[in-house]
Each structure stands twice: as structure tokens, then as C-alpha cells.
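Asker: The structure follows.
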Amino acid sequence: TRRITVRDITAAKDRGEKWPMLTAYDAMTASVFDEAGIPVMLVGDSAGNCHLGYESTVPVTLDEMTMLSAAVVRGTNRALIVGDLPFGSYQEGPVQALRSATRLVKEAGVGAVKLEGGERSHRQIELLVESGIPVMAHIGLTPQSVNAMGYRVQGRGEEAAQQLLRDAKAVQDAGAFAVVLELVPAELAAEVTRVLHIPTVGIGAGAETDAQVLVWTDMLGLTGGKMPRFVKQYANLRSVMGDAAKAFAEDVVGGTFPQEEHSVH
Ligand code: KIV
Ligand code: NA
């Protein structure tokens, strides 16, 4: 079996097929999703919050993204792996973006990279695509800009909606193969999806986008605390793991683990 490519992904839009994307930050989790048939995995800088214990995605470094991306690539055979460019690794300009993306491609083996920003990132996208690196864009709520924009719904109101449409067209014109729409009104995401010929990947963007992405720790109920409205929890790993850890602790304290069957002589 060969890996899924960006061309397979763009062909899916022409056939009107929807597809799922999940984040992954380690080889073992990624292998589970790969065996489950998830076609695209994002090594998101949401690793900052969900894997590395930071308060936001802002502190995540390119070294960290390279290490996590390499692990996900090693854990998978089939999925297209997209590596997130972290904050500070592409904002200086196209040359810095190319240097950073090249590391993710050469050292980690990702098949594509993702970066945030519409019109403001179009020069970076152009140079990466010209250089042979497929780019997934990311517009709407862009968490790396939390200090400037907060975590709020984007594209509400006529002016903001027009800006989102301009951003979507800018990344398509620059050569992006797909674009994430994060936390935008469903009607606007539907319009962007109709207007663009590249696939849209929604998160909190309604039902009309070509693809849907969720952060895996949210989707499986491992993340603690209150979930945003757009998350659907398909399992409750946090209680499964917590209960197992408590049962193990009780067994050890009570002397009921290990048993004879766990012992060697
Ligand atoms: O880092 C991430 O997980 C993301 C997705 C939410 C699109 O960028
Ligand atoms: Na991200």
C-alpha cells in the first residue's frame, strides 16, 4: 500500500467525497488511526496544549514539531501526514518558511505542511508550493494569534465575512491544496466551500465543508475540562485511563497484583 497523496485529497473534492482528519502527536496513537483508515493526520501545534503541557500553541518550537512529526510518520503506513509550522517559524517571510518546512519534510518525512494566515501568508505559501512542498492553509480562528485575536468566532458580520472570503481565495491562488476553516459561521464556511475548488477542512465550521478535523484528545475524551461546542466526544478515555490507574494502584497496595500467572520462576 502506498501513502495517500495531496492529489488523492484534491480528487476527492471533484468526486464530492467528504473525508476525516485527526490530529496525532505520537507513533502509537497514529498507528491506531492509520489502521482505522483515517486518511489524513495532522501533527498539529495543538500538541502544545494537548501533549506538551503549554498554555497555548505559541511556545511550540520547530524542534518539537519535527520530533513529534517524525514519530507520527514512523507510526503510519497509509495516511498523508501534515506537519504544522509552529509560531515564529514562518512569520519572518518566505525564505524562513521554506527553511522550516524543509526540516519537516526532510527530517520528519511529512507529506505536507500547514501554516496559519490567509492574505498575510500568501507569499510563504507560494514559495513552498513552488519548491515542491504541498501546503494546507488555515484561516478563520488562528490560535497562534491568540494574543491579538483571542479565541473568538471569526467572520461574523459583512466586513469580516468578505475578509475571510479574500483570505480563502488568496491561499487557493497561492497554491494551497486545502484550507482549514476554524470557528467560522456554518453559512460562511459553506459559501467558501462552494467558491473554492480546493477542499475546505472544517473545525467548528458547520456541516458543509469538504472535510472535518478534530483534535484527537478532544474527540476521544482525554482532554480534561469543558469542551468547545463543536467537539463531539466519541469515547471517554480520561475516565477509562483514570479508572485503570486506580485499579492498578489498589491491586499493588492491597497485594493482589501480581498473581502467580504474572510471575516467573
Ligand atoms: O493544531 C491543530 O490541531 C490544528 C487543527 C485544529 C486544525 O491546527
Ligand atoms: Na495548529
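Quick note: the coordinates plus some simple rules give every number you see, no bench work behind them. From a predicted model like this one, the values you see are computed outputs, not experimental measurements. Heads up, the Cβs are rebuilt from the backbone with ideal geometry, glycines too, and the neighbour counts pull from every protein chain shown.
Asker: If the chain between residue 194 and residue 233 were fully stretched, how many nm would it gain, using 0.36 nm times the residue separation less the Cα-Cα distance? Kindly include the intermediate steps, with their values, before the conclusion.
Answerer: Numbers: separation 39, 0.36 × 39 = 14.04 nm, distance 2.84 nm.
Stretched out fully, the residue 194 to residue 233 stretch lengthens by 11.2 nm.
Asker: Starting from the exponent 0.38 and prefactor 2.2 Å, build the expected Rg for the chain from its residue count and divide its actual Cα Rg by it.
Answerer: Working: Rg = 19.8 Å, N = 265, 2.2 N^0.38 = 18.3 Å.
Compared with the compact-globule rule of thumb, the chain sits at 1.08.
Asker: Using alpha carbon centroids, what distance separates region 157-213 and region 109-156, in Å?
Answerer: Spelled out, the Cα-based centre of one part sits 12 Å from the other.
Asker: Related question: How many lysine pairs does the chain hold where the Cα atoms are under 18 Å apart and the two sit 8 or more places apart or on different chains? Kindly include the intermediate steps, with their values, before the conclusion.
Answerer: On the way: 13/169; 18/232; 106/114; 114/169.
Taking the chain as the scope, the lysine pair count is 4.
Asker: Could you list 256, 23 in order of exposure, starting from the residue whose Cβ has the fewest other Cβ atoms within 10 Å?
Answerer: Numbers: 256 10, 23 26.
Listing 256, 23 from fewest to most nearby Cβ atoms yields 256, 23.
Asker: Another one. How are the Cα pair distances of region 55-133 distributed, in percent, across 10 Å bins from 0?
Answerer: That works out to 19, 53, 25, 2, in percent per bin.
Asker: So, one more: Given R₀ = 35 Å, FRET efficiency for residue 35-residue 160 by Cβ-Cβ distance, to 0.05?
Answerer: Values: r = 41 Å, r/R0 = 1.17.
My answer for the efficiency is 0.30.
Asker: Choose one of 94, 75, 65: the residue whose Cα lies farthest towards the positive end of the charge dipole of region 64-147 (beta-carbon charges +1 Lys, Arg; -1 Asp, Glu; about the Cα centre).
Answerer: Projecting each Cα onto the dipole axis, the largest value belongs to 75.
Asker: Need the full-extension length gain, residue 92 to residue 262, defined as separation in residues times 0.36 nm minus the C-alpha distance. One decimal, nm.
Answerer: Numbers: separation 170, 0.36 × 170 = 61.20 nm, distance 5.67 nm.
Roughly 55.5 nm would be gained on extension.
Asker: Put +1 on the Cβ of every Lys and Arg and -1 on every Asp and Glu Cβ in the chain; which of 56, 216, 170 then has its Cα farthest towards the positive end of the dipole?
Answerer: With unit charges placed on the Cβ atoms, the residue in question is 170.
Asker: Please compute the contact order of region 6-234 in relative form: average sequence separation of alpha-carbon pairs under 8 Å and at least six residues apart, divided by the residue count, as a percent.
Answerer: 18 percent
Asker: Classify region 157-265: rounded, prolate or oblate, from the alpha-carbon gyration tensor (a ≥ b ≥ c, eigenvalue square roots; a/c under 1.5 rounded; otherwise prolate if a/b is larger than b/c)? Mind dumping the intermediate values first?
Answerer: Working: a/c = 5.19, a/b = 3.21, b/c = 1.62.
In terms of gyration-tensor shape, prolate.
Asker: Let me ask you something else. Using just the helices of the chain, give the 222 nm mean residue ellipticity in deg cm²/dmol: DSSP H runs with n ≥ 4 each add -39,500 (n - 2.57), and the total is spread over all residues, rounded to 500. Before the final figure, lay out each step's value.
Answerer: Values: 11 runs with 107 residues, N = 265.
Estimated from H runs of four or more residues: -11500 deg cm²/dmol.
Asker: Continuing with this model, one more query. Estimate the FRET efficiency between residue 152 and residue 55 by the formula 1/(1 + (r/R0)^6), using the beta-carbon distance for r and 22 Å for R0, to the nearest 0.05. Let's see the in-between values first.
Answerer: Numbers: r = 17 Å, r/R0 = 0.79.
The pair residue 152/residue 55 has a calculated efficiency of 0.80.
Asker: For region 66-74, in order, what is each residue's ³J(HN,Hα) by Karplus, 6.51 cos²θ - 1.76 cosθ + 1.60 with θ = phi - 60°, in whole Hz (x at glycine and Pro)?
Answerer: With coefficients 6.51, -1.76 and 1.60, one gets 5, 5, 5, 5, 4, 5, 5, 4, 5 Hz.
Asker: Moving to a separate point now. Once you have a ≥ b ≥ c as the square roots of the Cα gyration tensor eigenvalues for region 7-82, tell me rounded if a/c is under 1.5, and otherwise prolate or oblate according to whether a/b is larger than b/c. If you can, show how the numbers build up before the last one.
Answerer: Values: a/c = 2.38, a/b = 1.74, b/c = 1.37.
Taking the square roots of the gyration eigenvalues as a ≥ b ≥ c, region 7-82 is prolate.
Asker: With a ≥ b ≥ c taken as the square roots of the eigenvalues of the C-alpha gyration tensor of region 109-218, please select rounded if a/c is under 1.5 and otherwise prolate if a/b is larger than b/c or oblate if it is not?
Answerer: Details: a/c = 1.40, a/b = 1.32, b/c = 1.06.
Since a/c stays below 1.5, the shape of region 109-218 is classed as rounded.
Asker: Right, another one. With +1 assigned to the C-beta of every Lys and Arg and -1 to the C-beta of every Asp and Glu, and no other charges, what is the dipole magnitude of region 117-254 about the Cα centre in debye, to the nearest 20? Intermediate values should be presented prior to the final figure.
Answerer: On the way: 12 positive and 16 negative charges, 57 e Å.
Dipole size: approximately 280 debye.
Asker: Identify the residues of region 55-93 with backbone N under 19 Å of a label point that sits 7 angstrom from the Cα of residue 1 along the Cα-to-Cβ direction, or state none.
Answerer: Residues passing the 19 Å test: 71-82.
Asker: Let me ask something else. For the pair residue 15 and residue 240, what calculated FRET efficiency results from E = 1/(1 + (r/R0)^6), where r is the Cβ-Cβ distance and R0 = 51 Å, to the nearest 0.05? Working shown, then result.
Answerer: Working: r = 37 Å, r/R0 = 0.73.
Taking R0 as 51 Å, the efficiency between residue 240 and residue 15 is 0.85.
Asker: For the chain, what is the charge dipole size about the Cα centre, in debye to the nearest 20, if Lys and Arg each add +1 at the Cβ and Asp and Glu each add -1 at the Cβ? It would help to have the intermediate numbers written out before the result.
Answerer: Values: 24 positive and 32 negative charges, 102 e Å.
Magnitude of the dipole: close to 500 debye.
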